[in-house]
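**Q** Okay, here's the structure, questions in a sec.
Throughout, read-outs are computed from the coordinates displayed, never taken from laboratory work. Computed from a prediction, not measured in an experiment: that's the story for all the values here. With ideal geometry, Cβ positions are generated from the backbone for all residues, glycine too; neighbour counts draw on all protein chains shown.
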Amino acid sequence: MRPLIAGNWKMNGSRAAMAEVSALAAAHPAPGCDVMLCPPAPLLPIMVEAASGTKIAVGAQDCHANVSGAHTGDTSATLIAELGATAVIVGHSERRADHGETDAAIAAKAAAAHQAGLIAIICIGETEAERDAGRALEVARSQLAGSLPAGATAANTVIAYEPVWAIGTGKVASVADIDEVHSALRTALADLMSAEDAAATRLLYGGSVKPGNAAEIFAVTDVNGALVGGASLKAADFGGIIAAAE
Ligand code: PEP
């Protein structure tokens, strides 16, 4: 399976940061994995232009479930696709926490992404309290089942397992914990999609992935890439993670 290394710039970046896109493309002109950057929505067309002619795909960080309407501040999947992006992250834990997004809302967003021809990168993951209570697998399975829309396939869907306590904290899940959750997710997918799609859907790990820890994470059987926050902002760091996936 070809890995996907996707960078989530969160609420960071600017026009000037397009220099990082050019530097990344220059350092990895023909990467041996899929590479994607997800900037804040206003930067989408600017990054699409900066990445044009390179192997870097562009994704959004969220979309609305509706195609249009009275939803101030939101962005439709249709517009994201029209701007040249090919994917959208949905259900990031920061949106689940900051905006109260439920599994059902996230499934509706993912369905809208599919309708618009976008890949939906669906994020799931337990909080520290849930892990401490021994509920990590239960939470991952339940969020997966609740957030995956009908019609999800290996071609239009990527799952990102991101333990909330590992995001932006420098704490990384152990290889054994990542292995346990990813293999449970692979099994769970078989009840939600065809056997072929369940086997071919990419499962990303996310949570403080850096050039120094990426190789051991990518060595886990059911890890098919990473969703990277902080380390995606600088071409040198993100490039180190891409090199580890290659
Ligand atoms: C993320 O934002 O999805 C993420 C994994 O962040 P970080 O790599 O900074 O932990």
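**Q** Using a Gaussian network model of the chain with C-alpha springs under 10 Å, which one of THR169, THR72, THR201 is most mobile by mean-square fluctuation?
**A** Residue with maximal mean-square fluctuation among THR169, THR72, THR201: THR72.
**Q** Longest span of the chain, sites excluded, free of trypsin sites (Lys or Arg not before Pro) in DSSP loop with at most 13 other C-beta atoms within 10 Å?
**A** 16-170
**Q** If you don't mind, another one. So between ALA30 and ASN213, what do we pick up on full extension, going 0.36 nm a residue minus the alpha carbon distance?
**A** Length difference between fully extended and current span is 63.6 nm.
**Q** Give me the orientation-averaged projected area of the Cα convex hull of the stretch 148-191, in nm², one decimal.
**A** Here the figure is 3.9 nm², rounded to one decimal.
**Q** Let me ask something additional. In debye, nearest 20: dipole of the stretch 1-99 around its Cα centre with unit charges on the Cβ of K, R (+) and D, E (-)? If you can, show how the numbers build up before the last one.
**A** Numbers: 6 positive and 8 negative charges, 38 e Å.
With only Lys, Arg, Asp and Glu charged at Cβ, the dipole is about 180 debye.
**Q** Still on this model: Using the Kyte-Doolittle scale, which helices in the chain average at least -0.5 and also have C-alpha atoms spread 27 Å or more along the helix axis, with helices defined as whole DSSP H runs?
**A** Helices passing the filter in the chain: none found.
**Q** From the gyration tensor of the Cα coordinates in the stretch 91-143, what semi-axes in whole Å does the equivalent ellipsoid have, largest first, with each one equal to sqrt(5λ)?
**A** Calculated on Cα positions only, the semi-axes equal 24, 11, 8 Å.
**Q** Treat every Asp and Glu Cβ in the stretch 100-240 as -1 and every Lys and Arg Cβ as +1, leave all other atoms uncharged, and give the resulting dipole magnitude about the Cα centre to the nearest 20 debye.
**A** Values: 9 positive and 17 negative charges, 79 e Å.
Around 380 debye, computed over the stretch 100-240.
**Q** Another question, then. If you project the alpha carbons of the stretch 1-142 onto their three principal axes, what span does each projection cover, largest first, in Å?
**A** On the principal axes, the stretch 1-142 reaches 46, 37, 28 Å in Cα extent.
**Q** As a check on your grasp of the helix formula, calculate [θ] at 222 nm for the chain: sum -39500 (n - 2.57) over DSSP H runs of n ≥ 4, divide by the residue count, round to the nearest 500.
**A** Estimated from H runs of four or more residues: -11500 deg cm²/dmol.
**Q** When only alpha-carbon atoms are used, what values of Rg and Dmax, in angstrom, describe the stretch 105-246?
**A** Using the Cα atoms of the stretch 105-246, the pair Rg, Dmax is 14.6, 40 Å.
**Q** For the stretch 119-169, what is the charge dipole size about the Cα centre, in debye to the nearest 20, if Lys and Arg each add +1 at the Cβ and Asp and Glu each add -1 at the Cβ?
**A** That gives the stretch 119-169 a dipole magnitude of about 180 debye.
**Q** Hey, another quick one. List, largest first, the extents of the alpha carbons of the stretch 74-165 along their principal axes, each in whole Å.
**A** Result, largest extent first: 43, 26, 18 Å.
**Q** Of GLY100, ILE46, ALA136, whose Cα points farthest to the positive end of the dipole of the stretch 44-137 (charges on the beta-carbon: +1 Lys, Arg; -1 Asp, Glu; origin at the Cα centre)?
**A** ILE46
**Q** Here's something else I'd like to know. Hey, could you get me the Stokes-Einstein D for the stretch 1-44, Kirkwood radius over alpha-carbon pairs, 20 °C and 1.002 mPa s, rounded to whole µm² s⁻¹? The partial results should precede the final answer.
**A** Working: Rh = 11.4 Å.
In µm²/s, the coefficient rounds to 188.
**Q** Continuing with the same structure: If you project the alpha carbons of the stretch 1-85 onto the principal axes, what extent comes out on each, in Å, largest first?
**A** 43, 33, 20
**Q** Relative contact order for the chain using alpha-carbon pairs under 8 Å, separation at least 6, rounded to a whole percent?
**A** 21
**Q** I'd like the projected area of the chain, averaged over all directions, using the convex hull of its alpha carbons. Report it in nm² with one decimal.
**A** Values: hull surface 47.4 nm².
Average projection, Cα convex hull of the chain: 11.8 nm².
**Q** Would you mind ranking MET1, MET18, MET11, MET193 so that the residue whose beta carbon has the fewest other beta carbons within 10 Å leads the list? Can you show the working numbers first?
**A** Details: MET1 12, MET18 17, MET11 8, MET193 20.
Ordered by Cβ neighbours within 10 Å, fewest first: MET11, MET1, MET18, MET193.
**Q** Compute the distance in nm between two label points, each set 7 Å from the Cα along the Cα-to-Cβ direction, one at ALA176 and one at ASP191.
**A** So the two model labels end up 2.6 nm from each other.
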